[in-house]
Each structure stands twice: as structure tokens, then as C-alpha cells.
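First the structure, in the form of C-alpha cells, and then the observations on it.
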Amino acid sequence: MIGRMTTLARPYATAAFEYALQKNALSAWDEMLASAAFVAKDKAVLSLLASPAVSKQKMADFFCDVLSKVLDKEKRNFIYLLAEKNRLSVLPDISSLFKAYRAEHEKKLTVQVTSAIALDAAYQQELIATLSKRLQRQVSLQCDTDPSLLGGIVVKAGDRVMDGSVRGKLNRLYESL
């Protein structure tokens, strides 16, 4: 289910992505949005954003001061637009959507791999090659361990899950009986 914040963030993320793509500045916009999202997640900042005593102008000025190293005129205007529309609090969602749009555009995918034991570098490289070919994306791995899998791996690529774990196979066998 898509959350309300994601729905509010989508038009801004789309506009930022299309602009950054047109200007060949995906990396710079991604960096700025990630930094802005980090600021927006801070508990003190969240309370300021919720306070009617703090004006939209002051919040925009605050964000622009904090982010001054990663802002140019266009990014600064984007922050002021978000402030004017009371959308600074959705910056984390805007950043997440932007990252997803960028990854799709660049044909990149981070795949979550969970295994019973830590995977060695050679196996990780083999897995990257196999998954890249199968998913037709440039794959990077995020590896975790879970001893309860007993053996094998579970791969999560976007909304796809490939369960090759011993625990998964035992569960499927149990359900078929």
C-alpha cells in the first residue's frame, strides 16, 4: 500500500528527476535530496516543521543555510517551493522516489541477499554476474546473514523474492504434505 506521504512526494520527485535528467545532474540532485531528507528526519526539525509558529520562509531559509554546500539556484528554488507548499516534511519520500527513478533509469538494482553464513567475495561476484544477466540490470549486493535459513540463500530484488534456502524448501515440502 502506498502511503500518503509517498503520494504527496511523487509529483515533486518526478519533477526533480525530470529536471535533473534534462540538465545531466542526477548525481548532484540525488546528493542534495539525500542531504535534505537527512535534515528533515531530525526530531527537532520535525517539531519545527509541525509548529505553526515557524513561518514557511524561516523553514526554507533554515534548510537552505544547512544545505548551502549542495545548493545552486535551482535546488534552492526547489526547497523554497517545498516550503511554500508545506512539503518539507516529505523530503525523505521525495529522496527515496528520486533514488528509485534514478536506479531504474540507470538500469541499476540493489539486491538484498540473506544467507545462513557470510558469502565470500568470489561467490558474491558470481552471484552479481548471474543476477545481472537474469534481471538485465547492473546489480549490487547488500548481504546479510540469518543462521535460521540453515543453508542456501534468499534473494530479494525489488518486489521479487527467490528463496533457495533450506528452510524455505522445508517449508514448501511441509505445505505440500
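The values are calculated or read from the model by the stated rules, or taken from the named source; none is laboratory data. Fair warning: this is a prediction, and the values are worked out from it, not measured in the lab. Reconstructed Cβ throughout: ideal geometry from the backbone, glycine too, with neighbour counts over all protein chains shown.
For residue 63, are the conditions met, namely being aromatic (Phe, Trp, Tyr) and surrounded by 19 or more Cβ atoms within 10 Å (Cβ to Cβ)?
Working: aromatic (Phe, Trp, Tyr): yes; surrounded by 19 or more Cβ atoms within 10 Å (Cβ to Cβ): yes.
So residue 63 passes the test.
Residue by residue, here is whether (1) modelled with pLDDT under 95; (2) buried (at least 19 other Cβ atoms within 10 Å of the Cβ); (3) over 28 Å from residue 143 (Cβ atoms) holds:
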residue	(1), (2), (3)
36	no, yes, yes
44	yes, no, yes
52	yes, no, yes
55	yes, no, yes
80	no, no, yes
100	yes, no, no
108	yes, no, no
111	yes, yes, no
115	yes, yes, no
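Which condition number does residue 110 fail, the rest of (1) over 20 Å from the mean Cα position of the chain (by Cα); (2) among the polar types (S, T, N, Q); (3) outside any helix (DSSP H, G or I) being met?
(1)
Any idea which of (1) buried (at least 17 other Cβ atoms within 10 Å of the Cβ); (2) of a type outside the set (S, T, N, Q); (3) not in a helix (DSSP H, G or I) is the one residue 93 doesn't satisfy?
For residue 93, the failing item is (3).
So if I check each of 130, 114, which one is free of Cβ contacts under 8 Å to residues at least 40 places away in the same chain and outside the structural domain of residue 8 (by TED's automatic domain parsing)?
On the way: 114 fails: free of Cβ contacts under 8 Å to residues at least 40 places away in the same chain.
Exactly one of 130, 114 is free of Cβ contacts under 8 Å to residues at least 40 places away in the same chain and outside the structural domain of residue 8 (by TED's automatic domain parsing), namely 130.
Scan region 120-173 for residues that are part of a helix (DSSP H, G or I), among the hydrophobic types (A, V, I, L, M, F, W, C), at pLDDT below 90 and over 23 Å from residue 107 (Cα atoms) and jot them down.
Across region 120-173, the qualifying residues are 149, 166, 170, 173.
Of all residues in region 67-76, which are surrounded by 13 or more Cβ atoms within 10 Å (Cβ to Cβ), out of contact with any Ser or Thr (no Cβ under 7 Å at 6 or more places or on another chain) and part of a helix (DSSP H, G or I)?
74, 75, 76
Would you mind telling me which numbered condition in (1) without any contact (Cβ under 8 Å) to a residue 12 or more places away in the chain; (2) part of a loop (DSSP other than H, G, I, E, B) residue 86 fails?
Every condition holds for residue 86 apart from (1).
Can you tell me which residue among 12, 19 is assigned to a helix (DSSP H, G or I) and surrounded by fewer than 18 Cβ atoms within 10 Å (Cβ to Cβ)?
When all the criteria are applied, what remains is 19.
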